[in-house]
Amino acid sequence: MLRNALSIIWVRGIGALKADSENSYLGTLWWVLEPLLLTALFYVAFSTGIRGNGSGSTFVYFLICGILPFKWSSSAITGSSTSINSNLGILSQFYLPKWIFPTAVNLSMFIRFMLVLPLIMAFLSFGGYAPGAAWIHLPLIVLCQLVLTLGLSYLTASLVPLIPDLKHLVSLSMTAVLFTAGIFFDIDTRPEHTQEILRLNPFASIIDAYRTVLLDNQPLSFAELLYPLLFGGIATLIGAAKLYLLDRYYLRVMT
Amino acid sequence: MKECVLSFDKVGIAFKRKRSLFSTKEYVLKDISFDLLKGETLGVIGRNGAGKSTLLKLLADLIKPNSGTITRPPGIKSQLLSLNLGFNKNLSGRDNAIMALVTQGMSIRESKNLISKIGEYGSIPHLMDQPVGTYSAGERARLGFSIAIHSLPEILLLDEILGVGDKEFRKKSSEELKQKVNSDQTVVLVSHSTATLKNLCDRVMWIESGRVKMLGDAQYVVDAYMDTPTRAAPKAELSV
């Protein structure tokens with residue numbers, strides 16, 4: 001049973017990537033091009049004349065460590081939230097465990113990020129942030145972000161089919177997270193009280209960790225990752241439990 | 001006596017008509033009990049709204065009943081004949097076929113081995129590497145049917161016997177289905193065609209207002225069904 005579920009996740013995850021690359025002239029190139037353009041866009045918007053405090057060149061590296069990892073989580077979570085709905089065609093023909101769908105979305109998004117991560121590292125190396133010993137900690141941060149992303153994916157995937165209204169809130173919440181996770185600014189520079197509130201966002205610690213390792217080449221403080229890891233772990237448990245308990249309930253409300 | 005592969009015991013199921021906190025549940029099926037025997041073809045007949053589609057959903061194990069129990073031995077899969085498992089138009093026929101077969105429980109290796117057979121059966125071997133989006137409707141139907149016939153579950157659920165594709169393939173596909181139905185494949189067939197039910201089924205179950213009104217020999221039940229006039233209430237049958 002589990003073996004088959006894993007095969008389905010694999011085939012569907014890879015299938016989605018394949019289909020995506022066949023869907024445009026530049027194909028696979030877009031996986032790399034899109035994050036690059038996004039960074040360029042934010043760079044222009046936030047660090048050049050438009051915003052006006054010309055600390056441009058360092059800011060772009062600061063930005064890239066935040067925005068690109070965040071993009072992974074945000075696409076995975078938004079994609080997962082509608083994954084059960086968009087597979088209704090198959091689901092109304094025969095039974096499949098529902099957790100397969102958000103997991104498959106997460107697989108393809110994870111693979112895409114695995115292609116983007118070396119790009120980030122190369123870009124930083126060229127910019128004078130030489131790879132250091134601390135970069136060894138990178139897989140830990142990625143793992144922690146994976147747990148957090150999967151947890152929130154399960155949670156949204158399990159709720160959206162029951163309460164379709166939430167669909168509108170998911171992408172809005174992701175934007176809210178984007179603006180509060182310290183992607184465009186350094187949380188440490190904010191007033192004490194604001195910092196406390198901003199640090200409730202589990203993505204803030206993750207992005208902080210990326211910067212500690214990649215930009216400052218400092219060893220990771222594991223305590224910092226504990227919060228997002230716990231947050232993600234609990235979300236995974238609740239989300240997975242909901243998907244499991246309601247497994248044969250979704251089709252009742254959806255068709 | 002033959003082995004029983006699925007049994008319903010006093011099954012009832014209720015739905016809310018609207019997505020609202022205050023709407024009350026309505027029972028669609030109230031008291032359904034029957035045994036499905038291995039290798040038999042069980043027909044289901046009933047007027048519109050009698051609960052036939054809901055019964056199929058319960059048989060396919062998509063939803064759980066509100067009352068009563070459904071017992072099935074482990075490892076017995078039941079599913080609707082799925083002609084279109086949401087083909088991805090950007091992917092080739094081969095990739096779509098693998099995805100569909102794996103989704104229906106095959107291993108990746110088994111499904112890869114079946115690909116050439118599927119292409120040949122649907123007479124579309126030359127198209128298997130082309131994206132499904134470039135197929136004609138008929139070619140897509142051929143692919144769908146070919147996949148379906150190569151991945152039959154233990155219990156096949158049919159909502160009408162359908163042929164697909166152009167004239168030639170329609171004949172081939174509906175013949176093939178009839179042959180499956182007549183072989184030792186276990187089938188539940190829902191149909192409005194009394195002739196089909198009489199020809200293909202061993203037993204027929206007649207459902208009315210959520211209960212089994214009659215269950216037995218196909219000929220006998222179908223005749224009884226035809227002899228009973230539809231209630232004078234609004235005639236909902238549309239001829240489309």
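If you wrap the protein assembly as shown in the convex hull of its Cα atoms and look at it from every side, the mean projected area works out to 28.9 nm².
Given only helices, namely DSSP H runs of n ≥ 4 each adding -39500 (n - 2.57), what is the per-residue ellipticity at 222 nm of chain B, to the nearest 500 deg cm²/dmol? The helix contribution divided over chain B gives -10000 deg cm²/dmol.
Per residue, what accessible area does the stretch A:41-193 have, given a 1.4 Å probe and all protein chains present, in Å²?
42 Å²
Contact residues in the stretch A:6-22 (at least 40 Å² less accessible area with all protein chains than alone, 1.4 Å probe): A:Val11, A:Arg12, A:Lys18, A:Ala19.
Across peptide B:124-133, what mean number of C-beta atoms from other chains lies inside 10 Å of a residue's C-beta?
Working: counts 0, 0, 0, 0, 0, 0, 0, 3, 0, 3.
Whole-number average of other-chain Cβ neighbours for B:124-133 is 1.
By its C-alpha gyration tensor, with a ≥ b ≥ c as the square roots of the eigenvalues, how is the stretch B:104-200 shaped: rounded for a/c under 1.5, else prolate for a/b larger than b/c, else oblate? Oblate, because a/c is 1.5 or more while a/b does not exceed b/c.
Counting only Cβ charges, +1 for Lys and Arg and -1 for Asp and Glu, the dipole size of the protein assembly as shown around its Cα centre is about 1020 debye.
Placing unit charges on the Cβ atoms of the charged side chains and taking the dipole of the protein assembly as shown about its Cα centre, the candidate lying farthest along the positive direction among A:Thr180, A:Thr28, B:Val212 is B:Val212. For B:Phe169, neighbours were defined as the other residues whose beta-carbon sits under 15 Å from its Cβ, and their charges (Lys and Arg +1, Asp and Glu -1) total +1.
The accessible area of A:Val44, taken with all protein chains in place and a 1.4 Å probe, comes to roughly 70 Å².
A:Leu17 exposes around 20 Å² of accessible area when a 1.4 Å probe is run over every protein chain in place.
Between the helical axis of B:108-121 and the longest alpha-carbon principal axis of chain B there is an angle of about 90 degrees. The mean sequence separation of alpha-carbon pairs under 8 Å and at least six residues apart, normalised by the residue count of chain B, gives a relative contact order of 25 percent.
Note on the stretch B:42-121: with charges restricted to the Cβ of Lys and Arg (+1) and Asp and Glu (-1), its dipole about the Cα centre is near 160 debye.
Comparing Cα centroids, the stretch A:164-230 and the stretch B:37-55 end up 55 angstrom apart.
Dipole size of the stretch A:2-254 about its Cα centre, with +1 on Lys/Arg Cβ and -1 on Asp/Glu Cβ: approximately 740 debye, rounded to the nearest 20. The alpha-carbon of B:Lys117 sits under 27 angstrom from the alpha-carbons of these lysines, leaving out residues fewer than 8 places away in its chain: A:Lys18, B:Lys77, B:Lys89, B:Lys167, B:Lys171, B:Lys172, B:Lys178, B:Lys180.
Sparse packing (at most 12 other Cβ atoms within 10 Å of the Cβ) combined with a DSSP loop state is found for the following GluC sites (Glu not before Pro) in the stretch B:150-182: B:Glu160.
Cα gyration tensor of the stretch B:82-152, axes a ≥ b ≥ c as square roots of the eigenvalues: rounded (a/c below 1.5), prolate (a/b > b/c) or oblate?
rounded
The lysines whose alpha-carbon is closer than 25 Å to the alpha-carbon of B:Lys16, local same-chain residues fewer than 8 away aside, are A:Lys98, A:Lys167, A:Lys242, B:Lys25, B:Lys30, B:Lys52, B:Lys57, B:Lys64, B:Lys213, B:Lys235. Remark: accessible surface ordering of A:Trp10, A:Trp99 (largest first) is A:Trp10, A:Trp99, probe radius 1.4 Å. With axes computed from alpha carbons, what is the tilt in degrees of helix B:137-149 against the longest principal axis of chain B, rounded to the nearest 10 within 0 to 90? Taking the Cα atoms of chain B, the angle to B:137-149 is about 70 degrees.
From helices alone, chain A scores -24000 deg cm²/dmol at 222 nm; the rule is -39500 (n - 2.57) for each run of n ≥ 4 DSSP H residues, then divide by the residue total. Membrane-span-like helices in chain A, defined here as complete DSSP H runs extending at least 24 Å along the helix axis by their C-alpha atoms with mean Kyte-Doolittle hydropathy no lower than 0.0, are A:2-22, A:29-47, A:56-81, A:100-126, A:138-159, A:222-245; this is a sequence and geometry rule, not a statement about a membrane.
Between the exposed loop cleavage positions of chain B, defined as trypsin sites (Lys or Arg not before Pro) in a non-H, G, I, E, B DSSP state with at most 13 neighbouring beta-carbon atoms within 10 angstrom, the longest gap is B:20-230.
On association of chains B and A, roughly 2400 Å² of accessible area becomes buried (total for both chains; probe 1.4 Å).
The values are calculated or read from the model by the stated rules, or taken from the named source; none is laboratory data. Note that the structure is a prediction, hence the values are computed from the model and not measured. Reconstructed Cβ throughout: ideal geometry from the backbone, glycine too, with neighbour counts over all protein chains shown. Side chains included, ligands, DNA and RNA excluded: accessible areas come from the protein's heavy atoms. Shrake-Rupley method; radii C 1.70, N 1.55, O 1.52, S 1.80 Å.
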